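So the structure is just underneath, and the comments pick up after that.
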Amino acid sequence: MTSFKDHFSGHADDYRAFRPTYPDGLAVALADAAPARGLAWDVGCGNGQFSVALAARFTTVHATDASAEQIAQAEPHPSVRYAVAPAEDGGLPDNCCDLIVAAQAAHWFALDRFYAEVRRVAKPGAAVALVCYALQQLDDPVLDPVVERFHNGTLGPYWPADRWKVVNGYRDLDFPFATVPVPPLAMEAVWSLPRLLGYMNTWSGVKAATRALGRNPLEAFAEEIAPLWGEPERERRIRWPLTVRLGRVE
């Protein structure tokens with residue numbers, strides 16, 4: 001547990017309230033790749049958002065997170081068993097999992113140790129997936145550059161170094177498994193400006209910048225984007241393209 005990089009426990013309730021939800025097609029694709037629908041392990045599950053989606057397709061979901069605060073905020077489900085545990089030691093018996101998935105979490109892991117744990121708990125032919133999403137897309141030539149400047153410029157010095165693995169779509173992460181193709185997938189939402197700002201306030205970069213500066217830089221960003229957005233309650237469609245690295249444990 002000593003290597004756990006805890007950037008989210010302090011605002012676990014906001015994380016649950018404001019994070020976008022994964023598309024149903026993600027759980028479908030992962031379940032289709034699994035050799036059976038018995039046990040899925042959702043690693044770094046946070047508030048259990050994706051754990052509950054997996055529970056519709058697997059008999060049991062073992063959902064773990066190293067943050068006790070995140071687990072305390074997790075959504076209850078009769079098929080999901082939550083536990084506080086690091087990714088590198090999930091508390092499962094050998095050769096039990098049909099699917100091991102880490103959604104928006106693998107960049108925080110000690111990957112070599114995590115992959116050793118994956119091989120230990122996986123059934124032969126089990127599916128393993130790393131999923132991430134980076135910066136949201138408003139598909140607006142006026143708004144998107146403002147968001148990008150805030151993310152890369154204002155917050156640039158304050159992001160944890162591992163954040164850039166997500167921005168890079170996990171392309172630089174070692175993934176020593178036989179690759180399984182996945183169709184293009186994205187999260188989508190229709191949000192007002194206050195809802196978008198609530199989500200952005202959960203970013204680890206915003207929290208770090210606020211501590212360093214003594215003020216929340218999101219306030220200045222809100223003032224900049226508000227006149228470009230229009231009426232604050234105007235709802236706009238937002239997309240987060242997903243990166244899904246899906247493989248099979250032989």
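The values are calculated or read from the model by the stated rules, or taken from the named source; none is laboratory data. Since we're looking at a predicted model, the values are computed, not measured. Protein only, heavy atoms only, side chains kept; ligands, DNA and RNA dropped before computing areas. Shrake-Rupley method; radii C 1.70, N 1.55, O 1.52, S 1.80 Å.
Annotations for the structure displayed:
- Residue-level accessible surface for Met200, protein heavy atoms, 1.4 Å, Å²: 0 Å²
- Entry note, the chain: the mean residue ellipticity at 222 nm calculated from DSSP H runs of n ≥ 4, each adding -39500 (n - 2.57), is -8500 deg cm²/dmol after division by the residues and rounding to the nearest 500.
- Close amide H contacts of Cys45 (hydrogens built in the peptide plane, cut-off under 5 Å, sequence separation of 5 or more or a different chain): Thr64, Asp65.
- Carbon and sulfur %, accessible surface of the chain computed with the full protein complex present, 1.4 Å: 51 percent
- Note: relative contact order over the chain, using C-alpha pairs below 8 Å and six or more positions apart, is 22 percent.
- In this structure segment 139-250 gives 51 Å² per residue of accessible area when probed at 1.4 Å with all protein chains present.
- Share antiparallel - DSSP beta bridges, the chain, percent rounded to 5: 45 percent
- Scattering curve values for segment 155-250, log₁₀ I(q)/I(0), Debye with Cα scatterers, q = 0.11, 0.20, 0.22 Å⁻¹: -0.49, -1.09, -1.17
- Crossing angle, helix 24-33 versus the chain [Cα axis fit, 0-90 degrees, rounded to tens]: 30 degrees
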